[in-house]
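**Student:** Quick one: this structure, given as structure tokens, is what I'll be asking you about.
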Amino acid sequence: MNNVISISAVREKKKIEQGDLEYQKLVSSMDKVELLEEMMRFQEERFREGELTLLLMIRGRILFKTLERNAETQELRDLAKSYRRHLKLELEHYQCHSG
């Protein structure tokens with residue numbers, strides 16, 4: 001399997017990550033109810049878009065990492081971890097197949 005990474009995709013990802021520090025601050029300050037509400041907003045936006053955009057992938061990784069870290073139940077922790085892994089794979093795929 002050939003894993004050629006698109007330099008333009010990597011640059012675009014880094015640019016969005018740098019610009020999304022505010023989102024990271026926002027999510028890290030949320031309590032558990034707000035995090036769950038944000039998860040619902042994330043899912044609704046993904047549904048509206050019809051696909052995972054690069055911005056959604058990056059924000060989703062931030063959100064689900066925070067959810068995983070703050071989960072009070074093993075089930076929520078496992079769910080967040082599963083979503084985060086999925087988004088990581090989607091990002092890797094994006095980087096190898098864009099540009």
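Nothing in this text is a laboratory measurement; each read-out follows from the coordinates by a stated rule. The shown structure was predicted, so the numbers you read here are calculated from the model rather than taken from an experiment. Positions of Cβ are generated from backbone atoms using ideal geometry, with glycine treated the same way; all protein chains shown enter the neighbour counts.
**Student:** Give, to the nearest whole percent, the P(r) tail of the range 31-99 beyond 15 angstrom, counting all Cα pairs.
**Tutor:** Numbers: 1208 of 2346 pairs.
Above the 15 Å cut-off, the range 31-99 has 51 percent of its Cα pairs.
**Student:** Using DSSP to define loop residues, name the GluC sites (Glu not before Pro) in the range 48-79 whose beta-carbon has at most 11 other beta-carbon atoms within 10 Å.
**Tutor:** On the way: sites: E49, E51, E68, E72, E75; in loops: E51, E72.
Within the range 48-79, the qualifying GluC sites (Glu not before Pro) (loop, at most 11 other Cβ atoms within 10 Å) are E51, E72.
**Student:** With an 8 Å Cα cut-off and a minimum separation of 6 or more residues, compute the relative contact order for the range 7-97 in percent.
**Tutor:** On the way: 66 pairs, mean separation 29.7, N = 91.
Relative CO of the range 7-97 lands at 33 percent.
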